[in-house]
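The values are calculated or read from the model by the stated rules, or taken from the named source; none is laboratory data. None of the values given here were measured: they were computed from a predicted structure. Every residue, glycine among them, receives a Cβ derived from its backbone with ideal geometry; neighbour counts consider all protein chains shown. Each accessible area value is taken on the protein alone, full model and side chains, heavy atoms only, with ligands, DNA and RNA left out. Shrake-Rupley method; radii C 1.70, N 1.55, O 1.52, S 1.80 Å.
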Amino acid sequence: MIIELPGTTTGAINKKLVELRETGGAVTLGRVLTLVVCTRESKNSEDVIDAANEASREHPCRVIVVARGSRSEETHLDAEIRVGGDAGASEVVILRVYGELADHEASVVVPFLLPDTPVVAWWPEDAPTVPALDPVGRLAIRRITDATGADDPTATIKSRLGSYTAGDTDLAWSRVTYWRALLTSALDQPPHEQIVSATVSGLATEPALDILAGWLAGRIDGPVRRQTGELFVELKLANDTIAISRPQVETTATLTRTGQPDALVALARRETRDCLAEELRRLDPDEIYEAALTGLSKVEYV
């Protein structure tokens, strides 16, 4: 069910939420967190909302979407409330803010925060320079950005270290979770040799590969190279080579190792909804992500 409230106020929206609760049941029961999504009002807004809805099936929550419209328009607030099949396992409050309200997202969000539940903030597009100091970021214990769509993804993911505060993360990091797991699993096999060097190759505009290279650079003593070309990660050991390669548009990767037969593994590019769901599983600081950001300074770009 979708209820539209054009030209409304936060008080009127809350009143409608109470009415829905009284007529349709306590829709907020069992909500484990409040997810605040800060985005632009654009044709991509529905994709962002769909990703949040899908993630909510694993983490029932109230989703508050603040979609910034034009600051040149007359100041007003349009809203939608989505429940039931249109809201996944959550209830969705969409706040479209225009004029001066576009500069006061936190003030619009506060009336809809669920009591006694943690707040997570997500910027799927443009993120503040220092998320923890942003008015919405101050409300959250977990702050999620995404460098993938930035004008300069590599520079953006590198800049995350300078603004890092415990609780920050980026979806570029969770996009390579399975790559990191495969590499770790391969290294757990004998003969357990030390890594001499590593190479991470792929699209120049893929920050997930940059942060993967940073993760490796923070864990080994040898050089780590980041290059543009076919998609693969190669680890050189003292007497062994381990590599994972995958065509850009394929979903199956090949794991190769010196002296062993090749193995095929499922390794599709992760959707935003899956990455978001992973990040919502933990509400504590991610020290390994911080270490990977630190390791980026050691990566050699060739």
Using the heavy atoms of the protein chains alone and a 1.4 angstrom probe, what is the accessible area of the range 128-179 per residue in square angstrom? 38
Note on the range 34-162: alpha-carbon gyration tensor, axes a ≥ b ≥ c; rule is a/c under 1.5 for rounded, else prolate if a/b larger than b/c, else oblate; result rounded
Counting only the backbone N, which residues of the range 56-72 are under 19 Å from the spot 7 Å out from the Cα of I3 toward its beta-carbon? 61-66
Quantify, in whole percent, the carbon and sulfur part of the accessible surface of the chain (1.4 Å probe; protein heavy atoms only). 51
Under 8 Å for C-alpha pairs, at least 6 residues apart: give me the relative contact order for the range 114-213, rounded to a whole percent. 28
The range 163-299, Cα convex hull volume normalised per residue, Å³: 113
Quick one: give the max-minus-min coordinate of the C-alpha atoms of the range 192-236 along each principal axis, largest first, in Å. 31, 17, 15
Each label point is 7 Å from the Cα along the Cα-to-Cβ direction; what then is the distance between the points at L113 and A166, in nm? 1.9
Amide hydrogen neighbours beyond the local backbone of L77, cut-off 5 Å, H modeled: G7, T8
Who wins for biggest fluctuation among K43, K236, K16 in a Gaussian network model of the chain, springs between alpha carbons below 10 Å? K43
Please give the contour-minus-distance gain from R269 to T23: 0.36 nm per residue of separation, less the Cα-Cα distance, rounded to one decimal in nm. 84.4 nm
Quick one: Cα centre-to-centre distance for the range 224-241 and the range 40-89, in angstrom? 41
Mind checking which lysines have their Cα closer than 24 Å to the Cα of K236? Skip sequence neighbours fewer than 8 apart in that chain. K298
What Kirkwood radius, in Å to one decimal, follows from the Cα pairs of the chain? 20.8
Normalising by the residue count of the range 150-265, find the relative contact order in percent from Cα pairs under 8 Å and 6+ residues apart. 21
Size of charge dipole - the range 1-119 - debye, nearest 20, with Cβ of Lys, Arg +1 and Asp, Glu -1, no other charges: 220
If the elastic network links every pair of Cα atoms under 10 Å, which of R281, R68, R138 fluctuates the most in the Gaussian network model of the chain? R281
Can you list the HN-Hα couplings for the range 113-124, worked out from phi with the Karplus curve (6.51, -1.76, 1.60; θ = phi - 60°), rounded to whole Hz and with x for Gly and Pro? 5, 6, x, 6, 10, x, 10, 10, 10, 10, 10, x
Going out from 0 in 10 Å bins, what whole percent of all Cα-Cα distances in the range 126-218 drops into each bin? 15, 42, 28, 13, 3, 0
Using Cα springs under 10 Å in a Gaussian network model of the chain, which residue among D78, D262, D134 shows the largest mean-square fluctuation? D262
Taking Cα pairs closer than 8 Å and at least 6 residues apart, the relative contact order of the chain in percent is 16
Helix-only CD estimate at 222 nm, as mean residue ellipticity for the chain, using -39500 (n - 2.57) per DSSP H run (n ≥ 4): -8000 deg cm²/dmol
